[in-house]
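Written below as structure tokens is the structure these notes are about.
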There are 2 protein chains.
Amino acid sequence: MDVARGEVLVISTSVACRSCQARHGVFCGALSAGQLSELGRHSLRRKVDAGCEIIAQGSENSFYSNITRGVVKLCKVMSDGRQQIVGLQFAPDFVGRPFVRESTLSAEAATDAEICVFPRNLLERMILETRELQRSLHAQALNELDAAREWMLTLGRRTAEEKVASLLHLIAAHAETATSTAFDLPLSRAEIADFLGLTIETVSRQLTRLRKEGVIRIENIRHITVPDMDALAKKISG
Amino acid sequence: MDVARGEVLVISTSVACRSCQARHGVFCGALSAGQLSELGRHSLRRKVDAGCEIIAQGSENSFYSNITRGVVKLCKVMSDGRQQIVGLQFAPDFVGRPFVRESTLSAEAATDAEICVFPRNLLERMILETRELQRSLHAQALNELDAAREWMLTLGRRTAEEKVASLLHLIAAHAETATSTAFDLPLSRAEIADFLGLTIETVSRQLTRLRKEGVIRIENIRHITVPDMDALAKKISG
DNA sequence: ACGGAGATTTGATCTGGATCAAATCGCAAT
DNA sequence: ATTGCGATTTGATCCAGATCAAATCTCCGT
């Protein structure tokens, strides 16, 4: 992680960082007070701008983090430049691949975000020591695996229109607003294309097609409203 | 699982089934002698024919199993019949999705296979009791997640020729022969198409193209030899 | 060996999405 | 307000892979 690209907000020194304790999914209820305190002494809360690379593909996994705000995209790039987003993570997901030296993907903030960073060694020690943390990370890994496999079906077998509708549905499900019929897209058209295995032109055309069909309204480039969520769901063949 | 479709080989009664102890990846070294014995008393070694459905999509997860021989495909089917293979599993992989009631995918023997089946409740209890088993299943989940994400790149961004070469490479890597330059395909052309998000015609054409280029030899429909593994690898853009 | 049915290959044509090209939009800096 | 530039949309054309159609091949049962 290039510290110069993000702004360090807080370096906790003697106690666990309070805002993190409450919001960090995998640690919630998994660690003792003493462990939280130790983790807090070594954790770093960071604010990262959209586009900031948190983990580089091929780099060493020397730290892990939790997302406390914003959206993070997981991306794989081929040597000729083709790339594929292989996962989106939202607060309070855990970011990183325990027990493997080199990262096979990059993690990049898709929106402005806040993360809480822990050193690799400390976290791996705590995983081995603490059954509940192991269980919690295992559960997240299984959920991500389910999501990845669901997305494999989308990538392999759905049409462009179904792909775009699937993505809108996914984002709506994670939107923080209570209504979730209106939400901001955390991704640019190019990123959407990289997630769906399409080109930006096709993404754009399918969005305008959904707009013309009345399934969505494009309030502005990054903001969508869905008058009838069922109509959107019907665009995705089960 | 429809018992009528498979043949029960052994019902272990008073000791853990010996052939399983040695070969079951996730249990190897993870369970105590007493636990292995208990597991053995409740496990069932089964021989399943190619095509036998081990877990049905949408069914209740009422048991788990380990593969002791053969290849199992994980498959998702859409209501209109389109389908996508989302994973291949080889001995000694663990099959099943702990902690979730309903299966979101089906597991089917791709080749004749042998599996060892355990009841859900027993296994989930042992996972909670036994840190080492939890760790071992966590590790498998993370490996499967890596594989799924690698495959997402293939599905979203590689060409048909690259996809077919990727699959051959994957299968060669899991082939049991020491040389691994000659191997049997565990999948039919239709299954390959479902794995790669292609049609059978395209798969067939790409295979004959690789044959004409001298990258592979098709000894017979299910048996391939690769004279030069590097030549095959070069067909897959990194 | 013979028939037959499914699996695979091969051929001809079509098409969804890619590519190439050109507006237009959005917005930050002046 | 004006300029400039990257992001997005829209249009025209192309092509990889799908679809439709027809041989072959495999292998099983008789």
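The values are calculated or read from the model by the stated rules, or taken from the named source; none is laboratory data. Just so it is clear, the structure is predicted and the values come from calculations on it, not from any experiment. Positions of Cβ are generated from backbone atoms using ideal geometry, with glycine treated the same way; all protein chains shown enter the neighbour counts. The accessibility values were calculated without ligands, DNA or RNA, using every heavy atom of the protein model including side chains. Shrake-Rupley method; radii C 1.70, N 1.55, O 1.52, S 1.80 Å.
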Discussion item. Just checking the output field for B:73-83: average partner chain Cβ neighbours within 10 Å of each residue's Cβ?
Written reply: 3
Worksheet, complete the sentence: So the angle from the long Cα axis of helix B:200-212 to the longest Cα principal axis of chain B, reported in degrees to the nearest 10, equals 60 degrees
Worksheet item: When the Cα atoms of chain B are enclosed in a convex hull and the volume is divided per residue, what value in Å³ results?
Response: 131 Å³
Worksheet item: Could you state the per residue volume, in Å³, of the convex hull enclosing the Cα atoms of the range A:124-189?
Response: 133 Å³
Item to complete: Averaging sequence separations of C-alpha pairs under 8 Å and six or more residues apart, then dividing by the length of the range B:30-149, give the relative contact order as a whole percent.
Response: 36 percent
Worksheet item: If you place +1 on the Cβ of every Lys and Arg and -1 on the Cβ of every Asp and Glu, how big does the dipole about the Cα centre of the range B:120-238 come out, in debye to the nearest 20?
Response: 300 debye
Worksheet item: So what are the radius of gyration and Dmax for the Cα set of the range A:158-234, in Å?
Response: 11.2, 32
Response to the item:
So, relative contact order of chain B in percent, Cα under 8 Å, 6 or more apart, is 18 percent
Worksheet, complete the sentence: Once the dipole of chain A is set up from charges on Cβ (+1 Lys and Arg, -1 Asp and Glu), the residue from the list A:Ile224, A:Leu39, A:Gly51 lying farthest towards its positive end is A:Ile224
Discussion item. If you take each beta carbon of peptide B:156-163 and count the beta carbons of other chains within 10 angstrom, what is the mean?
Written reply: 4
Item to complete: Highest first, please rank the peptides A:30-36, A:89-95, A:175-181, B:184-190 by the mean number of other Cβ atoms sitting within 10 Å of their residues.
Response: A:89-95, B:184-190, A:30-36, A:175-181
Discussion item. I'd like the carbon and sulfur percentage of the solvent accessible area for the protein assembly as shown, probe radius 1.4 Å, heavy atoms only, ligands and nucleic acids excluded.
Written reply: 51 percent
Worksheet entry | Exercise: per-residue mean of other protein chain Cβ atoms within 10 Å, A:136-148 | 6
Worksheet entry | Crossing angle, helix A:160-174 versus chain A [Cα axis fit, 0-90 degrees, rounded to tens] | 40 degrees
Worksheet item: Where does each of B:Glu38, A:Glu129 land when they are ordered by accessible area, with a 1.4 Å probe and the largest first?
Response: A:Glu129, B:Glu38
Item to complete: Could you run the Karplus curve 6.51 cos²θ - 1.76 cosθ + 1.60 with θ = phi - 60° over the range B:40-53 and give me ³J(HN,Hα) per residue in whole Hz, x for Gly and Pro?
Response: x, 5, 10, 9, 9, 8, 10, 9, 10, 7, 3, x, 5, 7
Practice prompt. Take the Cα coordinates of the protein assembly as shown, assign each an equal point scatterer, and use the Debye formula without solvent to give log10 I(q)/I(0) at q = 0.09 Å⁻¹.
Written response: -0.68
Practice prompt. Kindly compute the accessible surface that chains B and A hide from a 1.4 Å probe when together, both sides summed, and give it to the nearest 100 Å².
Written response: 4300 Å²
Item to complete: Identify, among B:Phe118, B:Leu167, B:Ala139, the residue whose Cα sits farthest towards the positive end of the charge dipole of the protein assembly as shown, taking +1 on the Cβ of Lys and Arg and -1 on the Cβ of Asp and Glu, with the dipole about the Cα centre.
Response: B:Leu167
